[in-house]
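One structure follows; several queries about it will come next.
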Amino acid sequence: MDEQDRVRQYLRLFGECFDVLSKWVKRALIVLVVMLILIQGALHIKLVRPYLSPVYKLDGIPVKERDVRDWKE
């Protein structure tokens with residue numbers, strides 16, 4: 001086997017490996033984008049939100065606007 005045959009074989013093997021890996025990366029990217037859309041949509045449902053976001057539990061009580069201006073007076 002001469003040098004050119006080895007280079008061709010290497011390039012063919014690299015091409016096959018690249019095709020397989022690019023297929024998996026595309027699938028993973030599609031799955032991640034779909035999951036992102038679903039999770040963001042689920043965060044708009046009030047009953048589901050506490051299970052998905054621990055930060056939501058730390059929100060506390062909203063401050064009334066008139067109470068905020070009290071410190072200026």
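The values are calculated or read from the model by the stated rules, or taken from the named source; none is laboratory data. Bear in mind the structure is a predicted one, so any value in this text is a computation, not a measurement. Note: areas computed on protein heavy atoms with side chains; ligands, DNA, RNA excluded. Shrake-Rupley method; radii C 1.70, N 1.55, O 1.52, S 1.80 Å.
Answer yes if at least one residue in region 13-22 is open to solvent by less than 100 Å² (accessible area, probe 1.4 Å), at pLDDT 80 or above, hydroxyl-bearing (Ser, Thr, Tyr) and not in a loop (DSSP other than H, G, I, E, B), and no otherwise.
Taking every residue of region 13-22 in turn, at least one turns out to be open to solvent by less than 100 Å² (accessible area, probe 1.4 Å), at pLDDT 80 or above, hydroxyl-bearing (Ser, Thr, Tyr) and not in a loop (DSSP other than H, G, I, E, B).
Looking only at region 23-59, how many residues end up being open to solvent by less than 100 Å² (accessible area, probe 1.4 Å), assigned to a helix (DSSP H, G or I) and β-branched (Val, Ile, Thr)?
Count: 6.
If you scan region 1-53, which residues turn out to be over 16 Å from the mean Cα position of the chain (by Cα) and polar (S, T, N, Q)?
Gln4, Gln9, Ser22
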